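Here the structure comes first, spelled out in structure tokens, and everything after it is commentary.
The values are calculated or read from the model by the stated rules, or taken from the named source; none is laboratory data. Here the structure is a predicted model, which is why all the values come from computation and not from measurement. Virtual Cβ from ideal backbone geometry, glycine too; neighbours counted across all protein chains shown.
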Amino acid sequence: MAEDTLFAKIVRGEIPADIIYQDELVTAFRDINPAAPTHFLIVPNAIIPTVADVRAEHEPALGRMFVVARRVAEQEGLEKGFRLVVNCREHANQEVYHLHMHLLGGRPLGPLLVQTP
Ligand code: AMP
């Protein structure tokens, strides 16, 4: 396939992942290197490289990502709250160029950003 990503391979079941939810639009799976006690990634099944590539036609999948975030948060008992993060390109340290929402929780998460010089 000309255009492919690590997360597209997870969506297609070609590489293993701890998938907690999947439907025709989105897939949610546990982050391999968790930054909090609960850390899931929610991705559109179709490849959208970054938020800067989002188009109107992506709205159903992007909306579904929030619905799934709420479901996963409920399932994981995150009633005290959680954080959703979407990194976009270099300044945000995006590593995988397949748009994804991080769902983080399970402890107080502190301020949004750590100050860097
Ligand atoms: P980002 O820096 O926003 O692009 O985040 C990429 C995330 O993907 C990181 O939190 C990684 O730990 C996670 N990750 C990388 N490879 C895998 C994998 N095979 N399965 C699950 N999560 C992964």
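Looking at region 3-16, is at least one residue surrounded by 15 or more Cβ atoms within 10 Å (Cβ to Cβ), among the hydrophobic types (A, V, I, L, M, F, W, C), over 12 Å from HIS100 (Cβ atoms) and modelled with pLDDT of 95 or more? Checking region 3-16: not a single residue is surrounded by 15 or more Cβ atoms within 10 Å (Cβ to Cβ), among the hydrophobic types (A, V, I, L, M, F, W, C), over 12 Å from HIS100 (Cβ atoms) and modelled with pLDDT of 95 or more. In region 15-28, is there at least one residue being within 11 Å of the ligand (Cβ to nearest atom) and of a type in the set (Asp, Glu)? Among the residues of region 15-28, at least one is within 11 Å of the ligand (Cβ to nearest atom) and of a type in the set (Asp, Glu), which makes the answer yes. Of the candidates ALA35, ALA61, ALA73, ALA52, the single residue that is touching a Gly at 6+ places or on another chain (Cβ under 7 Å), modelled with pLDDT of 95 or more and at negative phi is ALA73.
The one condition from (1) over 13 Å from the mean Cα position of the chain (by Cα); (2) of a type in the set (D, E, K, R); (3) not in a loop (DSSP other than H, G, I, E, B) that ARG64 does not meet is (1). Residues of region 72-112 that are more than 14 Å from the ligand (Cβ to nearest atom) and among the hydrophobic types (A, V, I, L, M, F, W, C): VAL72, ALA73, LEU78, PHE82, LEU109, LEU112.
Every residue, every condition in (1) under 10 Å from the mean Cα position of the chain (by Cα); (2) assigned to a loop (DSSP other than H, G, I, E, B); (3) within 16 Å of ASN33 (Cβ to Cβ), yes or no:
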position	(1), (2), (3)
ALA69	yes, no, no
LYS80	no, yes, no
ARG83	no, no, no
GLN94	no, yes, yes
LEU99	yes, yes, no
LEU103	yes, no, yes
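In this entry, ALA52 passes the filter for residues that are free of Cβ contacts under 8 Å to residues at least 40 places away in the same chain and either more than 12 Å from the chain's Cα centre (by Cα) or in a loop (DSSP other than H, G, I, E, B) (or both). Taken over region 18-38, the criterion of being free of Cβ contacts under 8 Å to residues at least 40 places away in the same chain and out of contact with any strand residue (DSSP E or B) (no Cβ under 7 Å at 6 or more places or on another chain) is satisfied by GLN22, GLU24, ILE32, ASN33, PRO34. Within region 39-71, which residues are under 21 Å from GLY110 (Cα atoms) and either touching a Leu at 6+ places or on another chain (Cβ under 7 Å) or within 12 Å of the ligand (Cβ to nearest atom) (or both)? Hits for region 39-71 are HIS39, PHE40, LEU41, ALA69.
From ALA46, ALA61, ALA56, ALA52, grab the single residue that is among the small types (Gly, Ala, Ser) and surrounded by 17 or more Cβ atoms within 10 Å (Cβ to Cβ).
Numbers: ALA46 fails: surrounded by 17 or more Cβ atoms within 10 Å (Cβ to Cβ); ALA56 fails: surrounded by 17 or more Cβ atoms within 10 Å (Cβ to Cβ); ALA52 fails: surrounded by 17 or more Cβ atoms within 10 Å (Cβ to Cβ).
From the options ALA46, ALA61, ALA56, ALA52, the qualifying one is ALA61.
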